[in-house]
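Enquirer: Let me give you the structure first, and then I'll get to my questions.
The values are calculated or read from the model by the stated rules, or taken from the named source; none is laboratory data. Fair warning: this is a prediction, and the values are worked out from it, not measured in the lab. Heads up: the accessible areas ignore ligands, DNA and RNA and are worked out on the full protein's heavy atoms, side chains in. Shrake-Rupley method; radii C 1.70, N 1.55, O 1.52, S 1.80 Å.
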Amino acid sequence: KTAFLHGELEETVYIQQPPGYVEGEPYLACKLEKALYGLKQAPRAWYARLRSELEAMNFTVSQADPGLFYRDVLGERVYLLLYVDDV
């Protein structure tokens, strides 16, 4: 439920303050440091973070499908297939 909240944004994004939350003047905006669910950049930011973590664990992304990662462990191939249902 919270996967998209762990993506780190590459671009600068500002949003209006959420209803019920006022820090300073009500017209001030908030600068996002991390992705929020519903943000257009959230899926891409999440995938970039996940991919870098998996690559750090010696997984390789498949050229055929960017959601398929593989790694050889003790002579056996391990496959990790991503599927995100954003409904």
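Enquirer: With a 1.4 Å probe and all protein chains kept in place, how much accessible area does Asp72 have, in Å² rounded to the nearest 10?
Expert: 90 Å²
Enquirer: For the chain, what is the accessible area per residue in Å², given a 1.4 Å probe and the full set of protein chains? Mind dumping the intermediate values first?
Expert: Numbers: 7020 Å² over 87 residues.
Per residue, the chain has 81 Å² of solvent-accessible surface.
Enquirer: Moving on. Karplus couplings for the stretch 19-29 from phi (6.51 cos²θ - 1.76 cosθ + 1.60, θ = phi - 60°), rounded to Hz, Gly and Pro as x?
Expert: x, x, 10, 10, 10, x, 7, x, 8, 6, 9
Enquirer: If you don't mind, there's one more thing I want to ask. Could you compute how much accessible surface Val61 exposes when probed at 1.4 Å, giving the result in Å² to the nearest 10?
Expert: About 20 Å², rounded to the nearest 10.
Enquirer: Let me ask another. Using the Karplus equation 6.51 cos²θ - 1.76 cosθ + 1.60 (θ = phi - 60°), what ³J(HN,Hα) coupling, rounded to whole Hz, does each residue of the stretch 60-77 give in order, writing x for Gly and Pro?
Expert: 10, 7, 6, 6, 7, 8, x, x, 10, 10, 9, 7, 8, 10, 6, x, 10, 8
Enquirer: Would you compute, from DSSP H runs of 4+ residues alone, the mean residue ellipticity of the chain at 222 nm, taking -39500 (n - 2.57) per run and dividing by the full residue count, rounded to the nearest 500? Before the final figure, lay out each step's value.
Expert: On the way: 1 runs with 15 residues, N = 87.
-5500 deg cm²/dmol, from helical runs alone.
Enquirer: Any idea what the relative contact order of the chain is, in percent, if you count C-alpha pairs under 8 Å spaced at least 6 apart? Can you show the working numbers first?
Expert: Details: 103 pairs, mean separation 20.8, N = 87.
About 24 percent, as a whole number.
Enquirer: Roll a 1.4 angstrom probe over the protein heavy atoms and tell me the percent of accessible area of the stretch 3-81 that is carbon or sulfur.
Expert: Working: 3310 of 6060 Å².
C and S fraction of accessible area: 55 percent.
Enquirer: Kindly report, to the nearest 10 Å², the accessible surface of Tyr37 as traced by a 1.4 Å probe over protein heavy atoms only.
Expert: 130 Å²
Enquirer: Then there's this: Against the longest principal axis of the chain, how steep is helix 42-56, in degrees 0 to 90 to the nearest 10, with axes from Cα atoms?
Expert: Tilt relative to the chain: about 40 degrees.
Enquirer: Taking 0.36 nm per residue of sequence separation and subtracting the Cα-Cα distance, how much length would be gained by fully extending the chain between Ala3 and Glu33, in nm to one decimal?
Expert: Values: separation 30, 0.36 × 30 = 10.80 nm, distance 1.54 nm.
Going from the current span to full extension adds 9.3 nm.
Enquirer: Right, another one. After finding the eigenvalues of the alpha carbon gyration tensor for the chain, what semi-axes result from the square roots of 5 times each, listed largest first in whole Å? Please report the intermediate quantities before stating the final value.
Expert: On the way: eigenvalues 256, 28, 20 Å².
The answer is 36, 12, 10 Å, longest axis first.
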